[in-house]
Amino acid sequence: MTALLSHGMQVHSLVGQLHSHEAQAPERFAACPPAATRPPPLPPQNAQAPTLLGGLGEGGRGRSASASVGASGSALESGARWDGLSATIAGRVNVSPKRLVEPGPSDAQLHGLLQLAAAAPDHGQLMPWRFVLVPQAQRPRLGEAFVQALIARDPSATVEQIDSAREKALRAPLLLLAVACHGRSEARIPVCEQLVSLGAAVQNVLLGAQALGFGSGLTSGQAMDSEPLRALFGLQAHEAAVCFVNIGTVGKHKASNRVRPAPEEFLCVLGG
Ligand SMILES: Cc1cc2nc3c(=O)[nH]c(=O)nc-3n(C[C@H](O)[C@H](O)[C@H](O)COP(=O)(O)O)c2cc1C
């Protein structure tokens, strides 16, 4: 209960910090107009679009061939790097853990994925996140925490719901818990920046898994903030369980209906 309360306070203070930050530095947030007053997206033929995004034609290669010959290789190598990277990024889709089967990443591959996580940007080098590996032998304990969390919030949960909660812990071959640790900054680096670092670390792991040929998916839910889960993972007051990272071989492929937003939908031009 103490941990639950302290976590509740911590989440409260996280929101508070975001708000207080906003209050202290309104100019950082005032630049973007509210959605209702935001100008409509740039039409594809808008004269500004080619200027801004035109260099990203030809598969997105931003520079001319001569400009892209830099310290890190030839234009050909740069183009190949772009093609490989963009295929990996564009090819990643969220795969439900139900569709992830053995084999999962080997120990060496997991090590490589965690090295990619460590490449995430981290303002102030705070390491505002960590991962917890949940090996197969520990999955029943996680399943029990899911069950206890369910019963705590719904004492009338059915046997089917309880079995389903327990089974969720058993699915993916590789399971990592991503934990935000946002108590180490002494308010020097805003919490939202620390969460960006965690998101980048998670994404690096997902993309690494994709590059290795695995499928991956994130899961969360109401149990994340529950006392049984916090106790199982020994989370401290300044820590929050953000999501599980599930990785494995895609057993059953399913067409994704995810429509990716066009850049024009999330980009506006200051003063434009
Ligand atoms: C922090 C976080 C938690 C998530 N939790 C869940 C979840 O509990 N269940 C789920 O089906 N997807 C979850 N997702 C995955 C999103 O649903 C998924 O990314 C979204 O549908 C977009 O699909 P895409 O990843 O294929 O682009 C989560 C994503 C994030 C970033």
*Working only within segment 89-135, note down all residues that are within 16 Å of the ligand (Cβ to nearest atom) and small (Gly, Ala, Ser).*
Ala90, Gly91, Ser96, Ala117, Ala120
*Residue by residue through segment 203-232, note down the ones that are more than 16 Å from the ligand (Cβ to nearest atom), among the hydrophobic types (A, V, I, L, M, F, W, C) and under 19 Å from Ala152 (Cα atoms).*
Ala231, Leu232
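Regarding segment 186-196, can at least one residue be identified that is touching a residue at least 60 places away in the same chain (Cβ under 8 Å) and either closer than 24 Å to Pro140 by Cβ or within 12 Å of the ligand (Cβ to nearest atom) (or both)?
Initially, segment 186-196 is screened for residues touching a residue at least 60 places away in the same chain (Cβ under 8 Å), giving 187-196.
From the residues that got through so far, the ones that are either closer than 24 Å to Pro140 by Cβ or within 12 Å of the ligand (Cβ to nearest atom) (or both) too are 195.
Scanning segment 186-196, I find at least one residue that is touching a residue at least 60 places away in the same chain (Cβ under 8 Å) and either closer than 24 Å to Pro140 by Cβ or within 12 Å of the ligand (Cβ to nearest atom) (or both), so the answer is yes.
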*asked:* Which pairs turn up if I take residues in segment 231-258 that are part of a loop (DSSP other than H, G, I, E, B) and look for partners that are among the polar types (S, T, N, Q) and more than 15 Å from the ligand (Cβ to nearest atom) with beta carbon separation below 7 Å, at least 6 apart in sequence or on another chain?
replied: Ala237/Ser6; Ala237/Gln10; His238/Gln10
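Please go through segment 213-230 and give me each residue that is assigned to a loop (DSSP other than H, G, I, E, B) and out of contact with any Phe, Trp or Tyr (no Cβ under 8 Å at 6 or more places or on another chain), ordered by number.
Answer for segment 213-230, where residues must be assigned to a loop (DSSP other than H, G, I, E, B) and out of contact with any Phe, Trp or Tyr (no Cβ under 8 Å at 6 or more places or on another chain): Gly213, Phe214, Gly221, Ser226.
Please go through segment 259-272 and give me each residue that is at negative phi and in a loop (DSSP other than H, G, I, E, B), ordered by number. Spell out how you get there, then give the answer.
Step one: filter segment 259-272 for residues at negative phi, giving 259-270, 272.
Passing the criteria: Val259, Arg260, Pro261, Ala262, Leu267, Cys268, Val269, Leu270, Gly272.
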*Identify all residues within segment 146-182 that are assigned to a loop (DSSP other than H, G, I, E, B) and buried (at least 18 other Cβ atoms within 10 Å of the Cβ); write none if there are none.*
Arg171, Ala172, His182
*For segment 236-272, enumerate the residues that are within 16 Å of the ligand (Cβ to nearest atom) and surrounded by 15 or more Cβ atoms within 10 Å (Cβ to Cβ).*
Glu239, Ala240, Ala241, Val242, Cys243, Phe244, Val245, Asn246, Ile247, Gly248, Val250
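Here's a check for you: in segment 135-145, which residue that is assigned to a helix (DSSP H, G or I) and not aliphatic (A, V, I, L, M) is farthest from Gln222 (Cα to Cα)? Give the steps one after another, and end with the answer.
The first filter runs over segment 135-145 and keeps only residues assigned to a helix (DSSP H, G or I), leaving 136-145.
Filter once more, so that each one left must be not aliphatic (A, V, I, L, M): 136, 138-141, 143-144.
Values: Gln136: 22, Gln138: 20, Arg139: 18, Pro140: 18, Arg141: 17, Gly143: 14, Glu144: 15 Å.
My answer is Gln136.
Computed from the coordinates by the stated procedures, all read-outs in this text should not be read as laboratory data. Predicted model, so just to flag it, every value in this text is computed and none were measured. Ideal geometry is used to build each Cβ from the backbone, glycine not excepted, and the neighbour counts take in all protein chains shown.
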